[in-house]
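**Q** Input: one structure, supplied below.
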Amino acid sequence: MPTLIDLIRAGRKVERHHPWPRAVVDSDAWRAAAGALADGGLSLLGLWGEPSCVHMAIVDERTSDIGVVSLDCPDRRFPSVAACHPPALRLERTIHDLFGLQAAGTPDPRPWLDHGRWPMRFPLGERLDAAPDPAPYQFLPAEGDGLHQIPVGPVHAGIIEPGHFRFTASGETVVRLEQRLGYTHKGVEGLMTGSAVEQAARLAGRVSGDSTVAYALAFAQAVEAAQQIAVPPRAVLLRALMAEFERLANHLGDIGAICNDASFALMQAHCAVLREAVLRAADAAFGHRLMRDLVVPGGVARDIAGDGPNAIRAALDQIRRHFPALIELYDNTASLQDRTVGTGIVTAALARQFAAGGYVGRASGRDHDARRKPGYLPYDGLRFEVPVLGDGDVNARVWIRIREVQQSLALAYQILVGLEAGPVRVSLRAASEAAEGIALVEGFRGDILVWLRLNGDRIDRCHLRDPSWFQWPLLEAAIEGNIVADFPLCNKSFNCSYSGQDL
């Protein structure tokens, strides 16, 4: 089985983009990479395209080496990765929608983002007089006695984003779930092309609104890697503080929302109070409840307010006082445990195959956290643990969140202690030639990948990959064999991003 280094060395053009290598390979090496993904020696981090080439980011699970292999597509075709490795399928379908490149041998040529309403023919940008009438989307068939289908969405109750869920059920038991997403496609990557770095940074922070800090951080680190810029130590710590505060707010909200979907509204009420304390402290410290547009290439846009550390400590102390009682309430409520334990199981094998990150992967035994591997500042100097469980059910995903709340509390206290005076931003460099950068950052859902190529102070191409790309398909597997009524609970325990996946 080839290692990552073997694939890189086989390339016609080998480069290093701090700290990861990239190589342009031929079709044989591309197929070898796909085969290694299928065998489990390598894991897929991302797959994206351009008008005449495709790129694949991979990690070697044996060595933790990370790299990018690229394949030129002069005939607008490339060997399908999904033919060997199913996690690549939706990414391949997206490449076709956005750039018209054909994945030769793909098991599923259906469109993904394109719902047949785009008034543009890609990738040449030829505008059509009118959008063609879309052909009905062909959901996968299911046959058997007594089966019936239940279509849900794409418009849902409340304020959640649009997504279609097609259930095939036998009585109350789900036999198959198939998702149809892409309704919130915004063309973020297209808007970034040709834009100034500062404008692209603002767009990156809006890919998925609940992860604005994590996305902005990943984008900033990719720019800094391309320009080989060192960020001031104070800015590094402030970024991490914002990231842990974002993680706290989202995990507290999720824990309450999962319990609410199991008809235990009391937990949601108490968790909402603690989440609100985090958001108010963020506003007092950084001037924005979600901390949007604060992490920028070169550092942070503004320093923490003078009384910001006290506001943050007050919020941390409030969580530390009240959260243990909520944990006990969750663990000792039999009716709640009856809904969460054994429901919506993701097997360890599927979590490994899809390289699932965040609480989805760690609840199913996949010990991965981008803060630790490959790692980035300042986490190499901070003490924290990565919780991992093996049951893979809704309950395990709740407990991963609970333990990550505890870890984020400890990290935030450490960061405040280590926060020393100094500058919070350095200037960017206007490079005279194209430069590439790549970054992997741990958001609250899992690892966020950003790859970009700069042309001077402009974005030539940028790709942003949300962890939900590899988690949405696992939700389809997790609900099989469960009853239809448990889908909201399973769905909330995943809390995948529609917007982050739809770009």
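**Q** Just for region 80-100: of the residues that are of a type in the set (G, A, S) and under 21 Å from L350 (Cβ atoms), which one is surrounded by the most Cβ atoms within 10 Å (Cβ to Cβ)?
**A** Going through the qualifying residues, I end up with A88.
**Q** Is it fair to say L316 is in a helix (DSSP H, G or I), modelled with pLDDT of 95 or more and of a type in the set (A, V, I, L, M, F, W, C)?
**A** It is true that L316 is in a helix (DSSP H, G or I), modelled with pLDDT of 95 or more and of a type in the set (A, V, I, L, M, F, W, C).
**Q** Being open to solvent by less than 10 Å² (accessible area, probe 1.4 Å) and outside any strand (DSSP E or B) is the filter here, so list the residues in region 46-79 that pass it.
**A** Of everything in region 46-79, just one residue is open to solvent by less than 10 Å² (accessible area, probe 1.4 Å) and outside any strand (DSSP E or B), namely C73.
**Q** Among the listed residues G253, G308, identify the single one that is open to solvent by less than 10 Å² (accessible area, probe 1.4 Å) and small (G, A, S). It would help to see each step written out before you state the result.
**A** Numbers: G253 fails: open to solvent by less than 10 Å² (accessible area, probe 1.4 Å).
G308 is the lone residue from the list that is open to solvent by less than 10 Å² (accessible area, probe 1.4 Å) and small (G, A, S).
**Q** For the list (1) open to solvent by 20 Å² or more (accessible area, probe 1.4 Å); (2) touching a Cys at 6+ places or on another chain (Cβ under 9 Å), I need the number of the one condition that A230 fails.
**A** Looking at each condition in turn, A230 falls short on (2).
**Q** Then there's this: Looking at L409, L382, L416, which one is of a type outside the set (D, E, K, R), modelled with pLDDT of 95 or more and within 23 Å of L326 (Cβ to Cβ)?
**A** Values: L382 fails: within 23 Å of L326 (Cβ to Cβ); L416 fails: within 23 Å of L326 (Cβ to Cβ).
Testing whether each residue is of a type outside the set (D, E, K, R), modelled with pLDDT of 95 or more and within 23 Å of L326 (Cβ to Cβ) leaves just L409.
**Q** Out of region 182-208, which residues are among the charged types (D, E, K, R) and touching a His at 6+ places or on another chain (Cβ under 7 Å)? Steps first, please.
**A** The first filter runs over region 182-208 and keeps only residues among the charged types (D, E, K, R), leaving 186, 189, 198, 202, 206.
The one that is among the charged types (D, E, K, R) and touching a His at 6+ places or on another chain (Cβ under 7 Å): E189.
**Q** A further question follows. In region 356-365, what residues are at pLDDT 95 or above and either crowded, with 24+ Cβ neighbours inside 10 Å or at negative phi (or both)?
**A** A356, G358, Y359, V360, G361, R362, A363, S364
**Q** Looking at (1) surrounded by fewer than 18 Cβ atoms within 10 Å (Cβ to Cβ); (2) touching a strand residue (DSSP E or B) at 6+ places or on another chain (Cβ under 7 Å); (3) not hydroxyl-bearing (S, T, Y), which is the only condition L294 fails?
**A** Condition not satisfied by L294: (1).
**Q** So, one more: Going through region 192-218 one residue at a time, which ones are under 23 Å from L440 (Cβ atoms) and of a type in the set (A, V, I, L, M)?
**A** Within region 192-218, M192, V197, A200, A201, L203, A204, V207, V213, A214, A216, L217, A218 qualify.
**Q** Still on this structure, I have one more. Exactly one of these conditions fails for A396: (1) out of contact with any Leu (no Cβ under 8 Å at 6 or more places or on another chain); (2) at pLDDT 95 or above. Give me its number.
**A** All conditions are met except number (1).
**Q** Given the criteria in contact (Cβ under 8 Å) with a residue 24 or more places away in the chain, under 20 Å from the mean Cα position of the chain (by Cα) and farther than 25 Å from R339 by Cβ, does L241 qualify?
**A** Judged against the criteria, L241 is a match.
**Q** Continuing with this model, one more query. In region 335-354, how many residues are surrounded by fewer than 20 Cβ atoms within 10 Å (Cβ to Cβ) and charged (D, E, K, R)?
**A** Total satisfying the criteria: 2.
**Q** Name the residue that is least open to solvent (accessible area, probe 1.4 Å), counting only residues in region 261-291 that are more than 22 Å from V394 (Cα to Cα) and part of a loop (DSSP other than H, G, I, E, B).
**A** In this case the residue turns out to be M291.
**Q** A follow-up question, please. Determine whether H322 is in contact with a strand residue (DSSP E or B) (Cβ under 8 Å, 6 or more places away or on another chain) and either assigned to a helix (DSSP H, G or I) or crowded, with 21+ Cβ neighbours inside 10 Å (or both).
**A** No, not satisfied.
The values are calculated or read from the model by the stated rules, or taken from the named source; none is laboratory data. From a predicted model like this one, the values you see are computed outputs, not experimental measurements. In this analysis, Cβ positions are derived from the backbone assuming ideal geometry, glycine residues included, and neighbour counts consider all displayed protein chains. Just the protein is used for accessible areas: all its heavy atoms, side chains included, with ligands, DNA and RNA removed. Shrake-Rupley method; radii C 1.70, N 1.55, O 1.52, S 1.80 Å.
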